[in-house]
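Structure, as structure tokens:
The values are calculated or read from the model by the stated rules, or taken from the named source; none is laboratory data. Note that the structure is predicted; figures quoted are calculated from it, not measured. Neighbour counts are summed over all protein chains in view; Cβ atoms, including those assigned to glycine, are modelled from backbone coordinates with ideal geometry. Ligands, DNA and RNA are excluded from the accessible area calculation, which covers all protein heavy atoms including side chains. Shrake-Rupley method; radii C 1.70, N 1.55, O 1.52, S 1.80 Å.
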Amino acid sequence: MKENLNKFDGARLSPHFLLSKFLNVGKYPDNKPTLQDVANMTYGCIMLLEPARLEVGPIIINSGFRNSRVNRLVGGVSNSQHLIGQAADIRPKDPAQFQRLVDFLKAHDLTDQLLTGSTWLHLSWNPFAQPRRYIRIGYYK
């Protein structure tokens, strides 16, 4: 069962990342995570996104948590880590920092999956398992 998190949409997952940026409820009002999903997003923010932000500056979340309906609408895979708050599609605010962001995340021990396009990347993490370290540069054409 999904908890009602409307009043928490402005909550901070970490110093620089808001829950609302991961949910996109303006476009998808029913895109509500469970408390475990929020805990998973918080882990990703604290352990990966905040350190990456220190390295490259502000990071924009293109897509974060997705419920199953939203995941289908955007063409996500059925076992996407977005469904459990363990993934984000991101880009640096400064496009000149893209390669630096990729290099940082490639070297980070907690990166579970890193798939890149030309201007954005998919990043996943797993607080409960050893990271797979699945890295594919140029995966999205």
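Set side by side, the residues GLY10, GLY57 differ, and just one is of a type outside the set (A, V, I, L, M, F, W, C) and on the phi > 0 side of the Ramachandran plot, which is GLY57. Taken over the range 33-46, residues that are more than 15 Å from the chain's Cα centre (by Cα) and open to solvent by less than 40 Å² (accessible area, probe 1.4 Å) amount to 1. Against the conditions (1) in a helix (DSSP H, G or I); (2) under 17 Å from TYR140 (Cβ atoms), LEU54 satisfies every one except (2). So, in the range 64-97, how many residues would count as being under 23 Å from PRO29 (Cβ atoms), assigned to a loop (DSSP other than H, G, I, E, B) and open to solvent by 30 Å² or more (accessible area, probe 1.4 Å)? Residues that pass the stated criteria total 3.
When residues in the range 98-112 are screened for being out of contact with any Pro (no Cβ under 8 Å at 6 or more places or on another chain) and open to solvent by 30 Å² or more (accessible area, probe 1.4 Å), 4 of them pass. When every residue of the range 113-134 is checked against the conditions, at least one turns out to be open to solvent by 40 Å² or more (accessible area, probe 1.4 Å), of a type outside the set (D, E, K, R) and assigned to a strand (DSSP E or B). Within the range 82-107, residues that are more than 21 Å from PHE128 (Cα to Cα) and free of Cβ contacts under 8 Å to residues at least 40 places away in the same chain sit with their Cβ atoms under 6 Å from residues that are open to solvent by less than 30 Å² (accessible area, probe 1.4 Å) and assigned to a strand (DSSP E or B), at 6+ positions apart or across chains, in these pairs: PRO92/ILE59; PHE98/PRO92; VAL102/THR116. The residue that is farthest from ASP37 (Cα to Cα), among those in the range 98-112 that are touching a helix residue (DSSP H, G or I) at 6+ places or on another chain (Cβ under 8 Å) and part of a loop (DSSP other than H, G, I, E, B), is HIS108.
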